[in-house]
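Since the structure comes first, as structure tokens, the remarks are kept for the end.
No value in this document is a laboratory result; all are computed from the given coordinates. Predicted model, so just to flag it, every value in this text is computed and none were measured. Using ideal geometry, Cβ is built from the backbone for each residue, glycine included, and neighbour counts are taken over all protein chains shown.
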4 protein chains.
Amino acid sequence: MNDETTMRKQPKQARSQKRVDQLLDAAAQVFAEIGYESATTNQIAARAKVSIGSLYQFFPNKEALLEALLARYTEGLRESLTIDQRLNCSDTIRVMIEGMARFESSHEAFKTLFMDSNRVSQMHTEIVQQIDALLAIQFPTFDPAPRRQCAIVGVAIVKALMPLSGPPDYLAPEVVLNEVQVSLKSYLRAVLLREAIPLPDDLV
Amino acid sequence: MNDETTMRKQPKQARSQKRVDQLLDAAAQVFAEIGYESATTNQIAARAKVSIGSLYQFFPNKEALLEALLARYTEGLRESLTIDQRLNCSDTIRVMIEGMARFESSHEAFKTLFMDSNRVSQMHTEIVQQIDALLAIQFPTFDPAPRRQCAIVGVAIVKALMPLSGPPDYLAPEVVLNEVQVSLKSYLRAVLLREAIPLPDDLV
Amino acid sequence: MNDETTMRKQPKQARSQKRVDQLLDAAAQVFAEIGYESATTNQIAARAKVSIGSLYQFFPNKEALLEALLARYTEGLRESLTIDQRLNCSDTIRVMIEGMARFESSHEAFKTLFMDSNRVSQMHTEIVQQIDALLAIQFPTFDPAPRRQCAIVGVAIVKALMPLSGPPDYLAPEVVLNEVQVSLKSYLRAVLLREAIPLPDDLV
Amino acid sequence: MNDETTMRKQPKQARSQKRVDQLLDAAAQVFAEIGYESATTNQIAARAKVSIGSLYQFFPNKEALLEALLARYTEGLRESLTIDQRLNCSDTIRVMIEGMARFESSHEAFKTLFMDSNRVSQMHTEIVQQIDALLAIQFPTFDPAPRRQCAIVGVAIVKALMPLSGPPDYLAPEVVLNEVQVSLKSYLRAVLLREAIPLPDDLV
DNA sequence: AATGAATGAGTGTTCATTCAT
DNA sequence: TATGAATGAACACTCATTCAT
């Protein structure tokens with residue numbers, strides 16, 4: 001509970017919740033603009049129009065801000081990744097990728113923070129589990145071990161390709177979106193073949 | 001000469017060269033352990049068993065250390081990526097991935113630094129070009145634009161999957177090696193199909 | 001606002017103002033003792049019994065400390081140089097010099113800082129203008145160009161002679177005071193003669 | 001002898017003497033360009049095309065360089081101030097001031113160093129004595145105590161007015177030269193009157 | 001004697017964090 | 001509870017000086 005990196009108090013009162021939100025919004029902005037390391041807590045407090053003292057009332061240290069932001073993102077992402085189970089495989093992937101792209105563009109710091117491999121843990125594993133669950137539904141005979149492996153690799157591919165629209169490669173966003181889907185589908189196809197799982201029609 | 005990020009003096013004497021190597025080795029270790037931003041020049045000097053003054057005799061600032069390390073890696077990588085052109089497609093990919101894996105495990109900071117998207121530019125573009133050249137040789141009819149795109153995505157995939165053997169996923173190294181190849185080959189296959197380029201036998 | 005050499009915040013609360021005063025007093029002492037260049041910000045903070053962090057809360061850098069001190073002096077000097085216009089020429093000079101001497105002995109760093117020709121500009125020009133104005137009043141027919149020249153030379157003489165009570169010459173303070181007046185009056189007399197301006201009775 | 005600020009060895013061999021001269025020339029340049037405090041010994045050694053080790057073979061520390069330079073200047077000045085004793089008072093002053101101006105413009109660091117009141121001691125007193133001697137010759141009945149005082153004030157006036165041709169006042173050099181003479185002569189006249197010493201014809 | 005690589009205390013400055021108000 | 005002044009360890013970097021070669 002008195003974790004070094006956890007929020008100090010679950011704010012119950014509305015006023016407190018608002019404070020926390022201001023703080024996290026400000027943190028997101030600042031992290032997005034100059035990165036986690038370069039951001040200063042005073043900067044964030046100022047941006048949030050909150051005193052530095054108040055910031056430390058809710059967050060025991062700078063890292064806790066990051067953690068909370070990531071948690072918030074995880075929650076938001078969960079929705080983006082909750083997909084109509086009647087969709088076929090291709091469409092599932094498409095909807096998911098589109099969802100991520102939308103999420104990314106509406107949450108300024110997500111890209112910066114999510115890609116920074118040093119700082120992911122929790123959000124990362126959560127997403128992997130979600131994908132794993134998705135696969136389990138679509139392919140009931142998929143063995144759990146290779147399935148999890150597949151999920152891990154899939155997530156890694158998404159993480160790696162999404163930023164290709166920025167520096168230093170600057171591919172067109174729609175190209176990126178397409179290539180993510182292509183690589184995901186072709187990788188999935190290869191794994192299913194290897195695991196002797198019947199290919200769905202739309203992956204043949 | 002008075003570059004802000006270049007080495008201060010090309011070390012001519014053996015003693016100096018040794019000094020520089022100590023320094024770069026230490027920098028590699030420290031960067032690998034705690035990342036570029038968090039690393040301090042005093043830490044690096046201490047690790048190298050060299051005074052902080054000596055460090056600054058060779059490197060005008062912290063960034064120059066990074067730059068020199070990256071240059072060293074670029075050079076090393078070039079060799080790892082120089083591949084017998086008579087190999088077929090699968091083998092080319094295998095040899096290349098194995099080469100990267102070997103390189104990575106013998107150069108502590110490579111992973112950390114190469115993945116840190118803020119700081120790669122030069123090394124990154126160099127590698128992309130090399131892959132592009134490889135593709136050009138294997139598939140003479142490959143149109144330059146989509147070929148370059150393919151190279152970019154391929155490099156991104158490698159960058160993303162290689163670290164999977166570490167935290168937070170901890171896949172077995174040999175598994176990682178294999179999955180990189182699988183995803184690379186299946187992505188390449190998909191692109192070739194799309195571009196109406198005849199598949200080589202080993203990719204069918 | 002983001003001036004490189006201006007105070008960071010105009011201190012509004014009494015406590016802050018006190019802090020700033022402590023800091024400036026300490027700076028004055030240290031500058032007086034070892035000069036601006038040799039003085040260190042840590043030294044000044046220690047002397048002011050204030051943490052180095054506090055110093056930088058008010059002054060963005062060492063130079064800002066100097067600037068603020070000079071500004072304080074300029075203001076103080078303005079009063080010392082505001083002289084009853086009914087006084088005759090000799091008395092004006094005497095009162096002015098006495099005022100400066102009083103000011104100097106109650107503001108430790110004034111001498112050091114004012115004499116350091118590298119760092120005066122603003123205060124210097126202000127004083128010159130004040131003297132120029134004084135001359136304009138006393139000698140309405142004094143042509144502006146030579147009058148300004150006369151003011152410049154006059155100020156230079158004062159600047160040069162006042163420190164004669166210290167090292168390396170150690171003239172008695174009252175002697176110094178007298179000699180400043182003598183040289184000022186005789187120089188003024190010579191200039192007035194040259195400019196064909198009627199000498200006031202007390203300068204004959 | 002083992003003074004902290006004296007040269008380590010009076011160089012006897014020609015080669016050593018040359019070394020010392022190179023060093024002092026370089027020091028003069030660098031001091032003139034960026035001031036004593038900002039100058040670094042490595043810079044000076046480099047400018048002199050001498051190794052830093054050699055510099056410290058002759059000068060125990062940075063200050064010794066300054067001291068030696070000042071000594072050199074003192075010697076040079078002595079000549080400039082050696083004046084034909086048959087000259088009348090006005091001419092003596094004129095010749096002397098012209099000599100100083102010449103000296104100043106041919107010895108880059110002189111102005112910078114001589115005006116820096118923190119660092120004068122020896123050269124200053126020497127000059128004062130020379131002026132004192134000059135006065136003794138011209139005015140045999142001049143009482144030693146007021147005579148010395150007069151010399152001190154005279155030197156101070158010269159020191160203060162000569163730099164007026166530079167920042168922040170930028171008077172024309174010939175104006176400066178003239179005003180120095182005017183103030184010197186009028187001050188001397190005033191003192192002589194006070195001391196009841198008959199005025200020479202050219203001062204009436 | 002001459003070199004210049006090496007040293008490390010010291011510099012100005014920042015910023016996460018605390019705590020008196 | 002909220003504030004923001006205060007703290008001081010830590011940082012990147014400099015430079016007078018030493019000493020092995």
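If eta is 1.306 mPa s and T is 10 °C, what Stokes-Einstein diffusion coefficient results for the stretch D:160-204, Kirkwood Rh from Cα pairs, in µm²/s?
On the way: Rh = 11.7 Å.
It diffuses with D of about 136 µm²/s by this estimate.
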| query | How large is log10 I(q)/I(0) at q = 0.18, 0.20, 0.25, 0.29 Å⁻¹ when the Debye formula is applied to the Cα atoms of the stretch A:3-68, each weighted equally and without solvent? | reply | -0.56, -0.69, -1.09, -1.41
| remark: The percentage of Cα-Cα pairs in the protein assembly as shown separated by more than 39 Å is 59
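Calculate the mean, over all residues of peptide B:160-172, of how many other protein chain Cβ atoms lie within 10 angstrom of the residue's Cβ.
Details: counts 11, 5, 1, 3, 5, 0, 1, 5, 8, 10, 1, 5, 1.
Mean shielding count: 4.
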| query | How far is A:ASN42 from the same spot in each other copy, in nm, shortest first, if each label point sits 7 Å from Cα toward Cβ? | reply | 2.0, 2.1, 3.2
| task | Within a 10 angstrom radius of each residue's Cβ in C:174-180, how many Cβ atoms of other chains show up on average? Whole number is fine. | result | 3
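Name the GluC sites (Glu not before Pro) in the stretch B:1-91 that are in a loop by DSSP and that have at most 14 other C-beta atoms within 10 Å, would you?
On the way: sites: B:GLU4, B:GLU33, B:GLU37, B:GLU63, B:GLU67, B:GLU75, B:GLU79; in loops: B:GLU4, B:GLU37.
Answer by residue number: B:GLU4.
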| query | From the label point of A:GLY53, set 7 Å along Cα to the beta carbon, how far off in nm is each other copy's matching point, shortest first? | reply | 1.5, 4.6, 6.1
| said: Return the chain B residue and its Cβ-to-axis distance, rounded to the nearest Å, for the rotation relating B to D. | reply: B:GLY53, 4
| message | Taking B:THR74 in one copy and the same position in all the others, each labelled 7 Å out along Cα→Cβ, what are the pairwise distances from the first, in nm, shortest first? | response | 3.9, 5.0, 5.8
| query | If you average over every viewing direction, what projected area does the convex hull of the Cα atoms of the stretch C:81-203 give, in nm²? | reply | 7.6
| query | Under DSSP H, which helices of chain A have Cα atoms covering 20 Å or more of the helix axis and a Kyte-Doolittle average no less than 0.0? | reply | A:89-106, A:121-138, A:144-161, A:173-194
| task | For every other residue with a beta carbon closer than 13 angstrom to the beta carbon of D:LEU193, add +1 if it is Lys or Arg and -1 if Asp or Glu, then tell me the sum. | result | +4
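Starting from the stretch A:29-89, pick out the trypsin sites (Lys or Arg not before Pro) whose DSSP state is loop and whose Cβ has at most 15 other Cβ atoms within 10 Å. Can you show the working numbers first?
Working: sites: A:ARG47, A:LYS49, A:LYS62, A:ARG72, A:ARG78, A:ARG86; in loops: A:LYS49, A:ARG86.
Loop-located and lightly packed - A:LYS49, A:ARG86.
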